[in-house]
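The values are calculated or read from the model by the stated rules, or taken from the named source; none is laboratory data. Remember, it's a predicted structure, so these values are computed and weren't measured experimentally. Reconstructed Cβ throughout: ideal geometry from the backbone, glycine too, with neighbour counts over all protein chains shown.
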Amino acid sequence: MNLILIGYRGTGKSTVARLLASRLGWQTVSTDARIVERAQLYIPDIVAQFGWDHFRDLETTVCQELKGKDHLIIDTGGGAILREANVEALKPGGMMCWLTASIETISQRIAGNAQRPSLTSGKTFIEEIEEVLAKRTPKYEAAADFIVETDRRSAEQIADQILAEFRRRQG
């Protein structure tokens, strides 16, 4: 059984994943970090040189490689749920927790991060978040086994809630 964190960028997936891994004694796997390692390029450079489709192909390859693994905390990229193949690879072996946050919280957390390429063109930062969230929310909802809100909460509080829900659902 794995615990898979899904959600928009800036919802706390990476920070919470490290806490959960420490508490459970499991390994953390970041799909984005694996992609960067494989491509030997940062994500904005992958997208600039090869396009989003190529990045998504790399992401799907990483998700397929994680299929069948056990005792992992998987920190997915914000768009991993855009391809059903990624959800199909990860979900049978784990439980998906959707981390949510308000647009205001997300914008505060990710402002100025150059390692996160723009997902839209010609939009303001807030408009981009609104537009992308509107498109992805149904996919997050469909994939999620449970939802944890991260606004105005510490990473420790979020990890506590996730662990409690994870254990409850395991029975």
* **Residues of segment 27-44 satisfying the condition of being over 24 Å from K135 (Cβ atoms) and either in contact with a Leu (Cβ under 6 Å, 6 or more places away or on another chain) or among the acidic types (D, E) (or both)** => Q27, V29, E37
* Structure fact -> Apart from one, (1) more than 27 Å from I158 (Cβ to Cβ); (2) in contact with a Phe, Trp or Tyr (Cβ under 6 Å, 6 or more places away or on another chain) all hold for G7; the odd one out is (1)
* Asked: Among the candidates T28, T60, which residue alone is within 12 Å of L90 (Cα to Cα) and modelled with pLDDT of 95 or more?
  -> T60
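Given the condition surrounded by fewer than 16 Cβ atoms within 10 Å (Cβ to Cβ), in contact with a Pro (Cβ under 8 Å, 6 or more places away or on another chain) and either more than 20 Å from N2 (Cβ to Cβ) or modelled with pLDDT of 95 or more (or both), answer yes or no: does some residue in segment 46-54 qualify?
Filtering segment 46-54 down to residues surrounded by fewer than 16 Cβ atoms within 10 Å (Cβ to Cβ) leaves 48-54.
Okay, now just the ones that are also in contact with a Pro (Cβ under 8 Å, 6 or more places away or on another chain), so 48.
When the remaining residues are screened for being either more than 20 Å from N2 (Cβ to Cβ) or modelled with pLDDT of 95 or more (or both), the result is 48.
Checked against the condition, which is being surrounded by fewer than 16 Cβ atoms within 10 Å (Cβ to Cβ), in contact with a Pro (Cβ under 8 Å, 6 or more places away or on another chain) and either more than 20 Å from N2 (Cβ to Cβ) or modelled with pLDDT of 95 or more (or both), segment 46-54 yields at least one hit.
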